[in-house]
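Read through the structure below, which is laid out as structure tokens, and then see the notes.
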Amino acid sequence: MATLLCSKQAVVCISRNKFTLISTSNVDKIFEHSRKKPTSSGSDGAEGQSSEQGQPTANEGDPQHLSNGQILASNFSPSGRYFAVCDDYKQLTVWEAKTEWESSSTRLVQCV
């Protein structure tokens with residue numbers, strides 16, 4: 001199932017782990033993004049790589065081992081200038097509408 005959101009600057013269609021932004025001022029401007037597993041600094045490189053069966057490798061105790069980047073929450077700021085996306089990797093990204101859509105901030109969200 002897909003979700004549609006609208007703001008003054010764009011219309012966005014969200015489906016599973018990707019979204020497509022279409023500018024309301026210029027429908028020829030289309031921005032697409034697929035969510036990817038965050039990489040941790042200092043990693044040995046094994047995280048996020050695929051096994052021979054095509055499944056991501058992760059420790060079974062790792063809470064992210066079943067994550068696939070599915071977008072769980074998203075919304076535009078009241079002004080429509082920012083678009084925030086949070087996925088099941090607990091990764092929050094804020095996109096800013098300038099001349100092009102740019103990622104202005106990405107953070108891992110920790111539950112306490």
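Okay, residues lined up against (1) in contact with a His (Cβ under 6 Å, 6 or more places away or on another chain); (2) part of a strand (DSSP E or B); (3) at pLDDT 90 or above; (4) within 21 Å of Arg107 (Cα to Cα):
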residue: Leu5; (1), (2), (3), (4): no, yes, yes, no
residue: Asn26; (1), (2), (3), (4): no, no, no, no
residue: His33; (1), (2), (3), (4): no, yes, no, yes
residue: Lys36; (1), (2), (3), (4): no, no, no, yes
residue: Ser40; (1), (2), (3), (4): no, no, no, yes
residue: Ser43; (1), (2), (3), (4): no, no, no, yes
residue: Glu47; (1), (2), (3), (4): no, no, no, yes
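Name the strands (runs of 3 or more DSSP E) wholly within the stretch 66-112 that hold at least 2 residues that are polar (S, T, N, Q) and closer than 14 Å to Asn17 by Cα?
The qualifying strands (runs of 3 or more DSSP E) are 91-97.
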Residue, farthest from Ile30 (Cα to Cα), within the stretch 80-112, restricted to residues that are surrounded by 12 or more Cβ atoms within 10 Å (Cβ to Cβ) and either touching a helix residue (DSSP H, G or I) at 6+ places or on another chain (Cβ under 8 Å) or among the aliphatic types (A, V, I, L, M) (or both): Leu92
Please work out which residue is nearest to Asn75 (Cα to Cα), limiting yourself to the stretch 1-26 and to residues that are hydroxyl-bearing (Ser, Thr, Tyr) and surrounded by fewer than 18 Cβ atoms within 10 Å (Cβ to Cβ). Thr3
Of (1) at pLDDT 70 or above; (2) among the charged types (D, E, K, R); (3) open to solvent by less than 60 Å² (accessible area, probe 1.4 Å), Asp62 fails just (1)
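The values are calculated or read from the model by the stated rules, or taken from the named source; none is laboratory data. Everything numeric in this text was worked out from a predicted model, so none of it was measured. Cβ coordinates were reconstructed from backbone atoms using ideal geometry, including for glycine residues, and neighbour counts include every protein chain displayed. Surface areas here come from the heavy atoms of the whole protein model, side chains and all, with no ligands, DNA or RNA. Shrake-Rupley method; radii C 1.70, N 1.55, O 1.52, S 1.80 Å.
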